[in-house]
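The values are calculated or read from the model by the stated rules, or taken from the named source; none is laboratory data. Computed from a predicted model, the values in this text were never measured in an experiment. Note that we place each Cβ from the backbone using ideal geometry, even for glycine, and neighbour counts take in every protein chain shown.
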Amino acid sequence: MTTQPGGRRGWRSRRLTLALSLVLTSAVVMTGTADAAAPKPGNPGLGTNVTVFDPSMPVGEIEAVLDAAHAAQVDAEMGAERHAYLFRPGTYGTAQDPLHIKVGYYTEIAGLGASPTDVVINGKVEVYNRCLADGGTSNCLALVNFWRTLSNLSISINASGQDGCRASANFWAVSQAVSMRRLDISGGDLSLMDFCTAGPQFASGGFIADSRLPSVTNGSQQQWLTRNSEVAGWSNGVWNQVFTGVVGAPDDAEFPVPPYTTLGTTPVSREKPYLFVDDKGAYKVRVPAARRNTRGVSWADGMTPGRTVPISDFFVAKPSDSVQVINNQLARGKHLLLTPGVYDIARSIEVKRPGTVVLGLGHATLTAVDGSTPLEVADVPGAVIAGVTIDAGLEESPVLLRVGKEHGNRPSRADDPTTLADVYFRVGGPHVGKTGIALQVNSDNVLIDHTWVWRADHGVEGFTDTERWNTNTGRNGVVVNGDNVTATGLFVEHFQQHNTVWNGEGGTTILYQNELPYDPPTQADWMNGDVEGWAGYKVADHVKGHTLYAGGVYVFNQNNPSIHTENGFEVPETRGVRLHHIMTVNLDAGTIDHVVNGIGDPADTTRVGAPVYISDYPAR
């Protein structure tokens with residue numbers, strides 16, 4: 001199959017112009033239909049936006065509910081609806097009557113088995129290109145297919161009833177803030193792009209973990225991280241394809257052609273907690289244990305190692321619950337389960353006890369009100385925050401999520417790290433957003449397992465791209481002050497100074513993806529003292545030890561193409577700080593003069609879409 005050599009996310013905001021005015025209108029008109037049509041069988045007090053299916057339900061009824069949900073959410077990029085659709089253990093669909101599921105924005109599809117093999121979908125679970133023009137028939141792409149989740153399922157691919165092209169693979173055409181976890185997919189190929197809707201188009205993802213997969217067509221995905229999984233095969237890549245602890249991963253000896261980075265084992269990992277139903281029908285949460293130097297799926301020999309927490313040990317929160325009520329429950333020793341919805345947070349939710357689990361369903365979203373810091377995690381070991389989106393509000397917050405006190409004692413345990421899994425951040429988009437820092441990590445031994453930290457480059461706030469620079473404000477995306485912090489899948493975009501600042505010792509990042517801000521009005525607005533621009537990834541000058549595997553910094557200065565950024569990466573020049581497989585790339589405007597510390601050719605408009613690679617820094 002012939003695919004494009006690479007997509008350019010820089011085209012994203014221009015292609016969205018035709019559709020943005022329709023997004024909220026479409027969401028408001030359609031979401032009520034989904035709610036009215038959706039029964040809530042077997043829902044254990046998880047709120048009106050959680051639907052639980054049982055294998056005794058007819059396939060046609062299940063598919064009707066999910067089709068209505070997709071129709072409501074497929075264009076609701078900036079909408080406020082959040083939903084989770086959960087499947088009790090059993091088999092859904094048959095060879096003659098398969099179950100086909102399409103997944104829209106802010107939608108979680110998950111099995112309720114103790115193992116992924118306990119819930120079998122005989123059919124397909126898919127995401128296609130989104131068409132933004134001519135009534136939804138053209139300008140089709142996956143660059144803005146964000147915010148959706150698929151987990152804890154076996155999918156036996158059955159394309160019965162689909163046309164020839166759709167029958168050729170299971171399609172997951174997505175970009176950031178989209179995770180696939182704990183999947184067992186068989187019976188056909190998996191494609192991470194949609195080559196059926198108007199041919200191969202652009203995508204900019206993504207993340208897979210703890211999954212057993214068939215042959216995978218990467219296609220036009222610009223970057224991708226696959227962690228602790230098994231793959232039958234992997235075809236091609238665009239700029240940055242990363243494998244860590246993956247059985248069957250391709251070799252990376254010929255980097256950058258193809259652009260693979262492969263680690264035999266993952267140095268630190270912890271799988272995301274998941275809701276399941278036991279043999280007696282009781283709802284519980286499995287909290288996987290942290291592991292070191294692992295390879296392959298966690299469930300190959302039985303239940304994922306860890307601990308089981310009954311749902312009765314959780315406070316099941318609804319968006320109508322006050323922060324005071326939530327904090328009182330946390331103080332009493334409860335864990336926190338956030339049901340789908342948007343929560344207005346005027347004072348911090350405070351996680352103070354070791355081992356506390358905060359689990360969001362259906363992309364539960366915490367929105368800062370009155371300049372609050374929506375979530376504070378104390379300097380304690382073993383806390384787990386998973387499946388939560390945090391939005392900046394109209395007044396500037398100092399931080400959106402703070403882990404540990406900035407000058408605290410930083411007590412920690414390397415064998416039980418505080419973990420952030422599928423935690424996403426937004427500054428702007430659905431409304432004006434302002435923050436100093438999105439994510440600040442002050443504790444030692446923290447694990448960040450997949451995050452997208454996004455200062456919006458487009459939205460429905462009602463002002464131009466030039467006005468956005470002074471309205472949606474965010475200084476830094478991620479600031480790491482703690483030691484021995486590990487990030488597997490760190491996606492940070494469009495902040496107004498360094499997107500990521502790493503001050504702690506012994507840090508490790510496996511896959512870093514960054515777009516510099518699109519919207520500085522002038523070079524004077526994009527200066528770090530006397531230096532032109534701010535590096536996308538900055539390791540502080542005093543740091544003696546740091547490792548980055550596979551990093552990319554992209555430039556698209558659409559407001560002023562004459563703007564320069566001196567370096568994509570800035571790090572101290574010491575043998576203990578090592579960068580492996582890094583690159584810069586021009587998306588259509590502006591210039592990054594060097595890849596790292598004055599080394600590397602310019603990423604400018606003479607080589608649009610063609611990365612400038614450095615295999616190792618310092619050179620071996």
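Here are some residues: Gly281, Gly248. Which one is in contact with a Gly (Cβ under 8 Å, 6 or more places away or on another chain) and not assigned by TED's automatic domain parsing to the domain that holds Leu420? Give the steps one after another, and end with the answer.
Numbers: Gly281 fails: in contact with a Gly (Cβ under 8 Å, 6 or more places away or on another chain).
Exactly one residue qualifies, and that residue is Gly248.
Can you pull out the residues in the stretch 317-338 that are farther than 22 Å from Glu271 by Cβ and in contact with a Gly (Cβ under 8 Å, 6 or more places away or on another chain)? Before the answer, list the steps.
First, the residues of the stretch 317-338 that are farther than 22 Å from Glu271 by Cβ: 317-334.
Result: Lys318, Pro319.
For the stretch 237-253, the criterion of being surrounded by fewer than 22 Cβ atoms within 10 Å (Cβ to Cβ), in contact with a strand residue (DSSP E or B) (Cβ under 8 Å, 6 or more places away or on another chain) and hydrophobic (A, V, I, L, M, F, W, C) is met by at least one residue.
Within the stretch 122-141, track down each residue that is more than 24 Å from the chain's Cα centre (by Cα) and among the β-branched types (Val, Ile, Thr). The answer is Thr137, and nothing else. If you go through the stretch 455-468 one residue at a time, do you hit one that is in contact with a strand residue (DSSP E or B) (Cβ under 8 Å, 6 or more places away or on another chain) and among the hydrophobic types (A, V, I, L, M, F, W, C)? Scanning the stretch 455-468, I find at least one residue that is in contact with a strand residue (DSSP E or B) (Cβ under 8 Å, 6 or more places away or on another chain) and among the hydrophobic types (A, V, I, L, M, F, W, C), so the answer is yes.
Quick check on the stretch 251-270: of everything there that is in contact with a Gly (Cβ under 8 Å, 6 or more places away or on another chain) and in contact (Cβ under 8 Å) with a residue 60 or more places away in the chain, which residue is farthest from Pro116 (Cα to Cα)? Step through it out loud before you land on a result.
So in the stretch 251-270, the residues in contact with a Gly (Cβ under 8 Å, 6 or more places away or on another chain) come out as 258-260, 263-266, 269.
Within this subset, residues satisfying the condition of being in contact (Cβ under 8 Å) with a residue 60 or more places away in the chain are 259, 263, 266, 269.
On the way: Pro259: 31, Leu263: 25, Thr266: 21, Ser269: 19 Å.
Once the filter is applied, the top-ranked residue is Pro259.
Residue count for the stretch 152-190 satisfying the condition of being of a type outside the set (Lys, Arg), touching a helix residue (DSSP H, G or I) at 6+ places or on another chain (Cβ under 8 Å) and in a strand (DSSP E or B): 5. Of the residues screened, Gly506 is not one that is out of contact with any Cys (no Cβ under 8 Å at 6 or more places or on another chain) and surrounded by 18 or more Cβ atoms within 10 Å (Cβ to Cβ). I want to confirm something. Restricting to the stretch 128-144 and keeping residues that are in a loop (DSSP other than H, G, I, E, B) and out of contact with any Asp or Glu (no Cβ under 7 Å at 6 or more places or on another chain), which single residue is surrounded by the fewest Cβ atoms within 10 Å (Cβ to Cβ)? Among those residues, the one meeting the criterion is Gly135.
The residue that is surrounded by the most Cβ atoms within 10 Å (Cβ to Cβ), counting only those in the stretch 322-351 that are in a loop (DSSP other than H, G, I, E, B) and either outside the structural domain of Gly404 (by TED's automatic domain parsing) or touching a Leu at 6+ places or on another chain (Cβ under 7 Å) (or both), is Pro340. I'd like the full set of residues that are under 23 Å from the mean Cα position of the chain (by Cα), outside any strand (DSSP E or B) and in contact (Cβ under 8 Å) with a residue 40 or more places away in the chain, limited to the stretch 362-418. Once the filter is applied, which keeps residues that are under 23 Å from the mean Cα position of the chain (by Cα), outside any strand (DSSP E or B) and in contact (Cβ under 8 Å) with a residue 40 or more places away in the chain, the stretch 362-418 yields Ala392, Gly393, Gly404, Asp416, Pro417. Can you say whether Asp457 is surrounded by 23 or more Cβ atoms within 10 Å (Cβ to Cβ) and either more than 18 Å from the chain's Cα centre (by Cα) or free of Cβ contacts under 8 Å to residues at least 40 places away in the same chain (or both), as far as the supplied structure shows? No; evaluated as a whole, the condition is false for this residue. Name the single residue, out of those in the stretch 257-294 being among the β-branched types (Val, Ile, Thr) and part of a loop (DSSP other than H, G, I, E, B), that is nearest to Glu108 (Cα to Cα). The residue in question is Thr265.
Residues in the stretch 179-236 that are at pLDDT 95 or above and among the aromatic types (Phe, Trp, Tyr) were compared, and the one that is surrounded by the fewest Cβ atoms within 10 Å (Cβ to Cβ) is Trp234. The listed residues are Ala173, Ala167, and the only one of them that is in contact (Cβ under 8 Å) with a residue 40 or more places away in the chain, assigned by TED's automatic domain parsing to the domain that holds Ser211 and on the phi < 0 side of the Ramachandran plot turns out to be Ala173. Selection over the stretch 490-502 of residues that are assigned to a loop (DSSP other than H, G, I, E, B) and closer than 23 Å to Gly206 by Cβ gives a count of 3.
Taking the options Gly199, Gly161, Gly206, name whichever one is assigned by TED's automatic domain parsing to the domain that holds Gly93 and touching a residue at least 60 places away in the same chain (Cβ under 8 Å). Before you say what the answer is, go through the steps one by one.
Values: Gly199 fails: touching a residue at least 60 places away in the same chain (Cβ under 8 Å); Gly206 fails: touching a residue at least 60 places away in the same chain (Cβ under 8 Å).
Only one candidate passes the filter, namely Gly161.
The residue that is surrounded by the fewest Cβ atoms within 10 Å (Cβ to Cβ), counting only those in the stretch 479-498 that are under 22 Å from Ile208 (Cβ atoms) and not small (Gly, Ala, Ser), is Thr486.
Take the conditions crowded, with 24+ Cβ neighbours inside 10 Å and in contact with a Ser or Thr (Cβ under 6 Å, 6 or more places away or on another chain) and apply them to Ser175. Does it pass?
yes
Considering Glu467, Glu505, the condition of being within 25 Å of Ser412 (Cβ to Cβ) and either assigned by TED's automatic domain parsing to the domain that holds Ser562 or in a loop (DSSP other than H, G, I, E, B) (or both) is satisfied by Glu505 alone. Name every residue in the stretch 575-594 that is under 17 Å from Asp541 (Cα atoms) and at pLDDT 95 or above, in order of residue number. Gly576, Val577, Arg578, Leu579, listed by residue number.
Annotation: of all residues in the stretch 81-109 being of a type in the set (Gly, Ala, Ser) and in contact with a Gly (Cβ under 8 Å, 6 or more places away or on another chain), the one that is farthest from Leu141 (Cα to Cα) is Gly93.
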